[in-house]
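Data block below; observations after.
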Amino acid sequence: MASVYSMTRVAQGPLLFVAGQTPAMPGGQVPPGAGPQTRVVLDKIAALLAEHGAGWPQVVKLTYYLRDLADLDAVRAALLERLPEPRPTATLVEISGLVDERFLVEIDAVADLG
């Protein structure tokens, strides 16, 4: 069956919408822990941004989906390692589950390419 949405990103005018990225690595491995999973997700977003000649400075909005707010400190630590100042606006949502029970975090992004 054909997908009805993009699994990676869509450019609309000067904006790039990066779909929610999960911590699944090539081969299907998922690192244990919210911190390592966040690093994988951020690396995937960075690679998609680079395909459009962009980087973290162009990101204007992030949305974080966490399965457990108890993981917030680990997620924040990973974000502080990867995201330069000034950091984009963000929304944090605690959810009951993601597409794979091993996933603890998913992040989507909006970048201004203009």
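What to note about this one:
- Hey, Asp68 in contact with a strand residue (DSSP E or B) (Cβ under 9 Å, 6 or more places away or on another chain) and among the acidic types (Asp, Glu) or not: yes
- Some residue of the stretch 86-101 being out of contact with any helix residue (DSSP H, G or I) (no Cβ under 8 Å at 6 or more places or on another chain) and among the charged types (D, E, K, R): yes
- Residue list for the stretch 83-98, filter: modelled with pLDDT under 95 and either among the acidic types (Asp, Glu) or touching an Asp or Glu at 6+ places or on another chain (Cβ under 8 Å) (or both): Glu85, Leu98
- Filter result for the condition that a residue is of a type in the set (S, T, N, Q) and farther than 15 Å from Thr38 by Cβ, over Thr89, Thr63: Thr89
- Search result, residues across the stretch 79-98 that are more than 23 Å from Asp112 (Cα to Cα) and either buried (at least 17 other Cβ atoms within 10 Å of the Cβ) or charged (D, E, K, R) (or both): Glu94, Leu98
- Among the residues of the stretch 70-83, the ones that are under 15 Å from the mean Cα position of the chain (by Cα) and either of a type in the set (D, E, K, R) or closer than 21 Å to Leu16 by Cβ (or both) come to 5 in all.
- No other residue among Val110, Val105 is of a type in the set (Val, Ile, Thr), under 11 Å from the mean Cα position of the chain (by Cα), surrounded by 15 or more Cβ atoms within 10 Å (Cβ to Cβ) and within 12 Å of Pro23 (Cβ to Cβ) apart from Val105.
- Considered as a group, the residues in the stretch 46-72 that are free of Cβ contacts under 8 Å to residues at least 40 places away in the same chain and under 18 Å from Val93 (Cβ atoms) include one that is surrounded by the most Cβ atoms within 10 Å (Cβ to Cβ), and that residue is Leu66.
The values are calculated or read from the model by the stated rules, or taken from the named source; none is laboratory data. Everything numeric here is computed off the predicted structure, so don't read it as measured data. So basically every Cβ, Gly included, is an ideal-geometry build from the backbone, and we count neighbours across all protein chains shown.
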